[in-house]
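The values are calculated or read from the model by the stated rules, or taken from the named source; none is laboratory data. Just so it is clear, the structure is predicted and the values come from calculations on it, not from any experiment. All Cβ positions, glycine included, derive from the backbone under ideal geometry; neighbour counts span all protein chains shown. Side chains are part of the model used for accessible areas, which takes the heavy atoms of the whole protein and leaves out ligands, DNA and RNA. Shrake-Rupley method; radii C 1.70, N 1.55, O 1.52, S 1.80 Å.
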Amino acid sequence: MQYGKIFRTVAHLRPTQVWHQILLRLHKPAFRLQSCPDTLGGHRGVGLTAPFIDKPQAVSGDTFTFLNLSRRFDHWNDTHYGMLWAYNLNYMDYLLQADVTAFDGKMWIDRFLRELPQRTIGLDPYPTALRLMNWAKFAAKHYAEKPLPEPWRDAYYAQLLHLERRREYHLLGNHLLEDAFGLFIGWLHLGERGHHLAAARSLMLRQLREQTLADGGHYEQSPMYHCILLDRMLDALNFARACHDEAAAPLQEIAQVWLGWLAAICWSDASLPLFGDSAVGIAPTPTELFDYARRLGLSWETGRLRESGYRTFADQRLELVADVGAVAATYQPGHTHSDVFSFELRIDGQPLVVDTGITTYEKNSRRQYERSYAAHNVAQIQHEEPFEVWGGFRVGRMARVSVTEETATHVRAQRKASFTAERYFSLNNGKLLISDNVFGHEAVARLHLAPQLAAEQLPGNIVKTTLATFHFQADELQVSIAPCQVSTQYNRPQTALCIEVHFRNTLSVAITPTTT
């Protein structure tokens, strides 16, 4: 066992996380069925000002598809495809699928309730929070003008109380925020206006303020999770307005800041760069979120990326998104990758240099690789990890990162960990220049190309693709092209090419679009 790595990881935790980890190991509250008081008649969505975002197609008959893996329903604790697949089954997002009728949804809810005493995975706090929100939204859509079945009310009330006892203070971050959203929407849905709702409201707003960086980004720095949580925030705003709850005004204010950050980091086609734990098909798209926000009457201005660590540069043909930031949520870096100084690049709207993405949350070698420095578009000295990623969702040592120079066309940043290194990005005159300084060491720079691209190595340390030409200059330079795998979605790796450049001291890369 590597005690040093464990110590470096635990050192980042907050005292409340350590304390609640201990409490959780000593006592894990059991689920108890309880009758819902008659005073909680439920609101069920009367007065909602905008329809929700439809969820992706996930159920057809008795077959479920999550993470691009399909399987007929067997039982609610089915971990055949891993824990995340089982969690998705218990989230019950599919109740908000466009073609799921009131009859279909009632059938799955009733089945869940019949088997509720057997629940283990489904009663973990995170899936409980998401399910509470999805049941409330399903009821708002199909039961706004008729009473909820009494077994639903009882089970819903019992799950709310269970979640209150299991709030994830041992994790904090997006998990605790999801708990707060679930409790806030859930108590509004049941019509509770007392201390339960007040506590949920307070927790939700407190966590939103803590987890919002000054530039409007979510502090875990994953564009995908930013979108997931923004969707929840807009739902909470929708319910708050319908119930004339005092949280509506602060929710609107924070949502508009988050929308501005999202507008700033998107590509010109409104898609997302895939930094950190990010994949296509999991969160609502930026376009869906912008449309939902407009239905709610929100307006916003495009933000300016700073504290989240990202920078964007663009001209008529090139678009660059670069990561020059440190870990912001140091006590909850579960979705962090060792990717400082990595970037993605598009030319004429087409991906050229891409993030390798994620294919799994399982704690295996693939997950470790996808979080590692070698899986990103960076210059690596020896086998360093500026962010010491391990254990699927853990980070030990964290590099210090600082932006040392910045204008509208370039940025220079330095990182200090096991080694000191510097990277410079400049987008000017139709050309991208990247310069790496590793201060006398030997290093290997990697550039992962989009899967559809072929690459040809030419004399003079040149690599040519159909979209662009790469010119390399360095001491002791060796350029090669190797196969690799990249992914935009879970469980769908694609074969691609990676340009590998061995050098010493400094490396200059000039990327010029192909003449059209």
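Numerical summary
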{"item": "Only Lys, Arg (+1) and Asp, Glu (-1) charged, at Cβ; the chain dipole about Cα centre in debye", "result": "1040"}
{"item": "Environment charge at residue 379 (Cβ cut-off 15 Å; Lys +1, Arg +1, Asp -1, Glu -1)", "result": "-4"}
{"item": "The chain: angle of helix 286-295 to the longest principal axis, Cα-based, in degrees nearest 10", "result": "40"}
{"item": "Mean projected area (nm²) of the alpha-carbon convex hull when segment 1-104 is viewed from all directions", "result": "12.4"}
{"item": "Ranked order, 500, 344, 246, 442 - accessible area, probe 1.4 Å, largest first", "result": "246, 442, 500, 344"}
{"item": "Volume of the Cα convex hull of the chain, divided per residue and given in Å³", "result": "150"}
{"item": "For the chain, Cys with no neighbouring Cys Cβ under 4.7 Å", "result": "36, 227, 243, 266"}
{"item": "Surface/4 of the Cα convex hull for segment 388-440, nm²", "result": "5.2"}
{"item": "Translational D in µm²/s for segment 113-247 (Stokes-Einstein at 25 °C, 0.890 mPa s, Kirkwood Rh from C-alpha pairs)", "result": "160"}
{"item": "Most to least packed among 391-399, 79-87 [average Cβ atoms within 10 Å]", "result": "391-399, 79-87"}
{"item": "Principal axes of segment 389-516: Cα extent on each, largest first, Å", "result": "42, 38, 32"}
{"item": "Rg ratio (alpha-carbon, reference 2.2 N^0.38 Å) - segment 304-358", "result": "1.26"}
{"item": "Computed FRET value (nearest 0.05) for residue 382 with residue 144, which takes r as the C-beta separation and R₀ as 41 Å", "result": "0.10"}
{"item": "Bins of 10 Å, starting at 0 and running to the largest distance - Cα pair percent for segment 314-443", "result": "12, 41, 34, 12, 0"}
{"item": "Within-10-Å neighbourhood charge of residue 40 [Cβ basis; K, R +1; D, E -1]", "result": "0"}
{"item": "Inter-label distance for residue 406 and residue 500, nm, one decimal - labels placed 7 Å from Cα along Cα-to-Cβ", "result": "3.4"}
{"item": "Residue (of 480, 413, 219) at the positive-pole extreme of the chain, dipole from beta-carbon charges", "result": "219"}
{"item": "Cα-Cα separations in segment 203-281 greater than 17 Å, expressed as whole percent", "result": "44"}
{"item": "Over segment 362-422, volume per residue of the alpha carbon convex hull, in Å³", "result": "99"}
{"item": "For segment 353-367 versus segment 202-237, the gap between their alpha-carbon centres in whole angstrom", "result": "24"}
{"item": "Cα-derived Rg over Rh, computed across segment 50-205 with Rh taken as Kirkwood radius", "result": "0.94"}
{"item": "At 1.306 mPa s and 10 °C, Stokes diffusion of segment 56-147 via Kirkwood alpha-carbon radius, µm² per second", "result": "118"}
{"item": "Largest to smallest accessible area among 371, 193, 114, 317 [probe 1.4 Å]", "result": "114, 193, 317, 371"}
{"item": "Rounded tilt (10° steps) of 125-142 against the dominant C-alpha axis of the chain", "result": "60"}
{"item": "Radius 11 Å from Cβ of residue 285, net charge of other residues (Lys, Arg +1; Asp, Glu -1)", "result": "-4"}
{"item": "Over segment 214-371, equivalent-ellipsoid semi-axes from the Cα gyration tensor in Å", "result": "27, 19, 14"}
{"item": "Percent RCO, i.e. relative contact order, over the chain, from Cα pairs under 8 Å lying at least 6 residues apart", "result": "12"}
{"item": "Relative frequency of Cα-Cα separations exceeding 12 Å in segment 148-199, percent", "result": "64"}
{"item": "Between helix 15-26 and the chain: long-axis angle, C-alpha atoms, 0 to 90°, nearest 10", "result": "50"}
{"item": "Segment 147-173 versus segment 456-476: alpha-carbon centroid distance in Å", "result": "58"}
{"item": "Helix-only [θ]222 nm of the chain, DSSP H runs n ≥ 4, -39500 (n - 2.57) each, per residue, nearest 500", "result": "-10500 deg cm²/dmol"}
